[in-house]
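Asks: Quick one: the structure is below, and I'll ask about it shortly.
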Amino acid sequence: MDYNNYSPQQPPSFFESKAVQTQTNSILKRVYVRMFIGLLISAFVALGISSSPAALTFFFGNQIVFWGMLIAMLVMAFVIPARLMKMQSGTVLLLFCIFSALMGAWLAPIFVVYRLGTITYTFFITAGTFGAMSVYGYFTKSDLSKMGTFLMMALFGLIILMIVNFFLKSSAVEWVVSIVGLLIFIGLTAYDTQQVKRLAAANPEPQLADKLATMGAMSLYLDFINLFLFLLRIFGGGRD
């Protein structure tokens, strides 16, 4: 997710002063707490819907609800960052929670398609991978901006390939999509972490910092969800 529109200037150094470091760490704590809350919301919604045949039928047996849910998530993913400066911080947080709930509903079928054991160990592998790359993004002194630009271009190419394969239904292409998608989001996790850190250091104003904390949480939340889904596709293990 591109945050450059919200940062009028970048600090000359992440570690320029103890005050900046304290401010940055404070915002990042909010980022990870809100990301965790988003994941919890998604998990509970997904489990709730997957355990109810009536709910599954409502969300996935009704084309209007199915496509409405997908369109709502896509709209929110673009509208929330675009209107960030015009919304209250509480509104941004509420929309993120709604987005997480919609994503949870969208993910509900994985509990029907995959074994619980597969989902569980894939989650822990995802958490380890995400944690390692987020730590790297936080501590590296290398500028990951060029890598981020390349990864975003690769992501658009991957989306096109996924759309094409929706009609081709090639298992070979499906495997390539899973591997490439995994690599893209491993890189984006490090890149987004560095971007969040930069903006946290550059924006001390409390209300703006709180909004950016929520947007940072949403960005890293999406990285985590996509890492999880691509890993799940790789490990497979659908129900018999």
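The values are calculated or read from the model by the stated rules, or taken from the named source; none is laboratory data. Given the structure is predicted, the values throughout are model-derived calculations rather than measurements. A quick note on method: Cβ atoms are made from the backbone with ideal geometry, for glycine too, and the neighbour counts reach across all protein chains shown. Ligands, DNA and RNA are stripped out before the accessible areas are found, and what is left, the full protein with its side chains, is counted by its heavy atoms. Shrake-Rupley method; radii C 1.70, N 1.55, O 1.52, S 1.80 Å.
Asks: Could you list, in sequence order, the residues of the stretch 81-111 that are out of contact with any Asp or Glu (no Cβ under 8 Å at 6 or more places or on another chain), open to solvent by less than 30 Å² (accessible area, probe 1.4 Å) and at pLDDT below 90?
Replies: LEU84
Asks: Quick check on my filter: what residues within the stretch 29-71 are of a type in the set (Ser, Thr, Tyr) and farther than 12 Å from MET103 by Cα?
Replies: Matches in the stretch 29-71: TYR32, SER50, SER51, SER52, THR57.
Asks: When you go through LEU227, LEU220, LEU188, LEU212 one by one, which is the residue that is touching a Ser or Thr at 6+ places or on another chain (Cβ under 6 Å) and buried (at least 23 other Cβ atoms within 10 Å of the Cβ)?
Replies: Every option except LEU227 fails the conditions.
Asks: Among the residues of the stretch 114-144, write down those that are within 16 Å of SER50 (Cβ to Cβ) and without any contact (Cβ under 8 Å) to a residue 12 or more places away in the chain.
Replies: LEU116, THR120
Asks: Then there's this: Checking the condition assigned to a helix (DSSP H, G or I), open to solvent by less than 20 Å² (accessible area, probe 1.4 Å) and of a type in the set (A, V, I, L, M), which residue from ALA200, ALA172 passes?
Replies: Testing whether each residue is assigned to a helix (DSSP H, G or I), open to solvent by less than 20 Å² (accessible area, probe 1.4 Å) and of a type in the set (A, V, I, L, M) leaves just ALA200.
Asks: Of the numbered conditions (1) within 24 Å of ILE98 (Cβ to Cβ); (2) at pLDDT 95 or above, LEU183 fails exactly one; give the number of that condition.
Replies: The number of the failed condition is (1).
Asks: Also: What's the total number of residues in the stretch 86-138 that are over 15 Å from the mean Cα position of the chain (by Cα) and among the aromatic types (Phe, Trp, Tyr)?
Replies: 6
Asks: Hey, any hits in the stretch 10-24 for a residue that's within 15 Å of the chain's Cα centre (by Cα) and either without any contact (Cβ under 8 Å) to a residue 12 or more places away in the chain or open to solvent by 60 Å² or more (accessible area, probe 1.4 Å) (or both)?
Replies: Scanning the stretch 10-24 turns up no residue that is within 15 Å of the chain's Cα centre (by Cα) and either without any contact (Cβ under 8 Å) to a residue 12 or more places away in the chain or open to solvent by 60 Å² or more (accessible area, probe 1.4 Å) (or both).
Asks: One residue is enough: does the stretch 215-222 have a residue meeting the conditions at pLDDT 85 or above, out of contact with any helix residue (DSSP H, G or I) (no Cβ under 9 Å at 6 or more places or on another chain) and among the small types (Gly, Ala, Ser)?
Replies: Scanning the stretch 215-222, I find no residue that is at pLDDT 85 or above, out of contact with any helix residue (DSSP H, G or I) (no Cβ under 9 Å at 6 or more places or on another chain) and among the small types (Gly, Ala, Ser), so the answer is no.
Asks: In the stretch 193-212, how many residues are in contact with a helix residue (DSSP H, G or I) (Cβ under 8 Å, 6 or more places away or on another chain) and either closer than 21 Å to SER145 by Cβ or among the aromatic types (Phe, Trp, Tyr) (or both)?
Replies: Summing the residues that are in contact with a helix residue (DSSP H, G or I) (Cβ under 8 Å, 6 or more places away or on another chain) and either closer than 21 Å to SER145 by Cβ or among the aromatic types (Phe, Trp, Tyr) (or both) in the stretch 193-212 gives 10.
Asks: I've got another one for you. Any residue in the stretch 136-146 that is at pLDDT 95 or above and open to solvent by 70 Å² or more (accessible area, probe 1.4 Å)?
Replies: Scanning the stretch 136-146, I find at least one residue that is at pLDDT 95 or above and open to solvent by 70 Å² or more (accessible area, probe 1.4 Å), so the answer is yes.
Asks: Take the stretch 34-55 and flag every residue that is without any contact (Cβ under 8 Å) to a residue 60 or more places away in the chain, surrounded by fewer than 17 Cβ atoms within 10 Å (Cβ to Cβ) and of a type in the set (A, V, I, L, M, F, W, C).
Replies: PHE36, LEU40, ALA54, ALA55
Asks: If you don't mind, there's one more thing I want to ask. Looking for whichever is β-branched (Val, Ile, Thr) and either closer than 29 Å to VAL92 by Cβ or in a loop (DSSP other than H, G, I, E, B) (or both) here; the options are ILE179, ILE184, ILE234, ILE163. Which one fits?
Replies: Of ILE179, ILE184, ILE234, ILE163, the one residue that is β-branched (Val, Ile, Thr) and either closer than 29 Å to VAL92 by Cβ or in a loop (DSSP other than H, G, I, E, B) (or both) is ILE184.
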